[in-house]
1. Considering only residues that are under 17 Å from Glu203 (Cβ atoms) and of a type outside the set (Phe, Trp, Tyr), look in the stretch 65-78 and name the one that is surrounded by the most Cβ atoms within 10 Å (Cβ to Cβ).
2. Mind checking which helices (runs of 4 or more DSSP H) fall wholly inside the stretch 173-289 and carry at least 3 residues that are of a type outside the set (Gly, Ala, Ser)?
3. So, of the residues in the stretch 334-346 that are free of Cβ contacts under 8 Å to residues at least 60 places away in the same chain and buried (at least 22 other Cβ atoms within 10 Å of the Cβ), which turns out to be nearest to ligand 2 (Cβ to nearest atom)?
4. Cβ-Cβ below 7 Å, separation at least six or inter-chain, first residue in the stretch 477-491 and among the small types (Gly, Ala, Ser), second surrounded by 16 or more Cβ atoms within 10 Å (Cβ to Cβ) and in a strand (DSSP E or B): which pairs?
5. So how many residues does the stretch 377-434 have that are of a type in the set (A, V, I, L, M), within 16 Å of ligand 1 (Cβ to nearest atom) and farther than 19 Å from Ala285 by Cα?
6. Just for the stretch 225-239: of the residues that are touching a residue at least 60 places away in the same chain (Cβ under 8 Å) and more than 8 Å from ligand 1 (Cβ to nearest atom), which one is surrounded by the fewest Cβ atoms within 10 Å (Cβ to Cβ)?
7. Scan (1) assigned to a loop (DSSP other than H, G, I, E, B); (2) surrounded by 22 or more Cβ atoms within 10 Å (Cβ to Cβ); (3) touching a strand residue (DSSP E or B) at 6+ places or on another chain (Cβ under 8 Å) for the single condition Met436 breaks and write down its number.
8. What residue, of Gln56, Gln17, is within 25 Å of Val234 (Cα to Cα), assigned by TED's automatic domain parsing to the domain that holds Tyr163 and touching a Ser or Thr at 6+ places or on another chain (Cβ under 7 Å)?
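The values are calculated or read from the model by the stated rules, or taken from the named source; none is laboratory data. As the structure is a prediction and not an experimental result, all values here were calculated from the model. Glycine gets a Cβ as well: all are built from the backbone with ideal geometry, and neighbour counts include every protein chain shown.
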Amino acid sequence: MGSHVSKTVADELAPMQIIDGKSVDAVSGERINVVCPSDGQVFASIPASGKADIDQAVGAARHAFDEGPWARMPAVERGRCLTRLGQLVEKHADELAALESRDTGKPVRQGKADVTATMRYYEFYGGAADKIHGDTIPFLDGYTALTMREPHGVVAGIIPWNYPLQILARVAGAALAMGNTLVIKPAEDASLTAIRIAELALEAGIPGGVFNVVTGYGREAGAALSAHPLVDYVTFTGSPPTGTAIQQAAAANNRGVTMELGGKSPQIVFADADIEAALPVLVNAIIQNGGQTCSAGSRILIEKPVYEQVASALSERFSGLVAGPHEADLDLGALINPAQKQRVEDFVAAAEEAGISVLARGRVHEDAPKGGYYHPPVLFGAVDPASALAQEEVFGPVLALFPFADEPDAVRLANDTDFGLVAGIWTRDGARQHRMAKRVRAGQVFVNGYGAGGGIELPFGGFKKSGHGREKGFEALYDMSATKTVVFNHG
Ligand code: NAP
Ligand code: MG
């Protein structure tokens with residue numbers, strides 16, 4: 001958690017939030033320190049907003065929706081605004097990538113990959129805006145019935161700190177394409193790029209009041225936003241308990257929600273798999289972003305005949321992994337904050353105490369600043385399927401291995417958590433690929449591959465505790481709109 005500071009501490013990078021097309025400070029005038037996880041040093045500050053600021057932003061978004069040109073603008077024009085925003089993201093790619101890496105501690109190449117995906121989201125939804133339409137429905141004689149897609153109105157987007165640019169883009173791209181207006185509350189640990197994107201949105205021609213960004217703590221600004229009676233729809237990515245609180249707040253106003261609440265996603269390696277091809281993918285799926293990824297492949301289920309072979313190949317790779325500062329662009333960066341580091345340490349200590357073997361451990365680079373929030377990658381096996389390590393989202397570079405006996409055993413283990421976000425299946429047997437893809441409970445299934453991050457065209461979301469609703473691709477446009485049915489009686 002940051003601390004309140006006077007405005008003088010980080011004057012060189014002290015952006016305002018964006019409300020109604022204007023750069024404004026918090027009503028209270030208070031600010032939150034922004035820390036770089038790579039060294040633990042303050043390098044900027046953001047407004048510490050609360051209910052009064054949220055009232056202003058929701059009021060602006062309400063007015064822009066009800067009275068402004070945005071919702072009535074031809075879809076092609078809205079699309080062009082989003083396309084221009086994508087082009088501006090591309091133009092400012094280096095600046096945005098550097099800012100994102102410094103704010104979150106992620107290696108520079110990950111920051112760059114995030115910017116590329118961000119640009120693609122705005123490009124995709126810019127192109128999609130005028131390609132979604134309703135139906136005509138065969139109905140009674142003397143009637144014509146049709147449907148149209150209508151925006152919800154004011155959409156509240158509560159964004160986490162792990163992929164701030166990308167998650168904002170997947171929410172904003174789809175919501176704006178359908179003609180909604182937005183109030184975004186980024187995570188207090190990573191708000192800088194959201195402010196910058198809202199500035200670029202104005203430059204792209206998106207009218208003031210359509211794309212508002214309010215920074216502040218979740219318990220203050222976030223809670224006020226999700227409970228606001230003038231908000232029509234809430235979309236959230238983050239932890240299940242916060243998701244529950246946000247749904248309860250939205251339920252008090254009977255508003256719809258999209259919830260993306262993380263996972264405990266399995267990759268399933270059968271004995272007939274191309275193991276050499278799988279290995280780098282298995283490692284990357286848990287190391288990317290330090291394991292702070294909702295779709296992280298945090299469990300690997302391995303068919304018994306190849307368990308030892310895969311476990312020892314993974315051990316070798318894990319031993320060589322190095323965490324370090326974002327500029328050094330090593331295998332992984334620092335974790336987002338001291339609380340997240342503590343959470344990972346606690347999971348690792350509890351697993352060791354429970355007698356689960358550590359197969360390998362990476363290291364933190366000797367030159368990494370002592371104040372950074374580093375945790376080395378840890379590989380555990382064989383893990384008890386009932387343990388916390390097998391069941392709960394660690395959100396860190398911790399991988400758990402499980403042997404399985406046969407296909408039904410693999411299905412049982414894969415589905416044996418409360419989550420259901422993503423799964424990977426590694427086998428050369430075509431019929432088994434299809435059977436497994438159907439039987440695994442996950443919103444996305446990859447066969448002989450893994451990775452949701454880049455695939456902006458691919459619908460994404462969870463079953464079970466991983467949430468509900470779908471983001472990305474065309475599907476998100478349906479979540480971000482509602483069907484209106486119109487019936488003409490013409491005799
Ligand atoms: P979190 O509480 O779920 O925070 C996510 C977002 O919700 C942030 O913008 C946060 O704001 C906001 N928020 C917090 N409390 C709120 C409330 N009462 N009402 C409205 N908004 C609220 O996650 P976290 O505390 O940062 O991380 C805790 C754990 O969540 C992690 O260890 C990880 O397991 C999980 N997580 C999952 C994902 C994912 O992508 N699935 C992403 C992040 C975290 P502030 O941060 O400004 O308080
Ligand atoms: Mg930060």
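1. Filtering the stretch 65-78 down to residues under 17 Å from Glu203 (Cβ atoms) leaves 70, 77-78.
Those left that are additionally of a type outside the set (Phe, Trp, Tyr): 77-78.
Working: Glu77: 13, Arg78: 25.
Only one residue tops the list, namely Arg78.
2. 192-203, 240-252, 275-287
3. The residue in question is Gln340.
4. From the stretch 477-491, the pairs are Ser481/Arg149; Ser481/Pro151.
5. 1
6. Top of the filtered list is Leu230.
7. Going through (1) assigned to a loop (DSSP other than H, G, I, E, B); (2) surrounded by 22 or more Cβ atoms within 10 Å (Cβ to Cβ); (3) touching a strand residue (DSSP E or B) at 6+ places or on another chain (Cβ under 8 Å) one by one, Met436 breaks only (1).
8. Details: Gln56 fails: touching a Ser or Thr at 6+ places or on another chain (Cβ under 7 Å).
After applying the criteria, what remains is Gln17.
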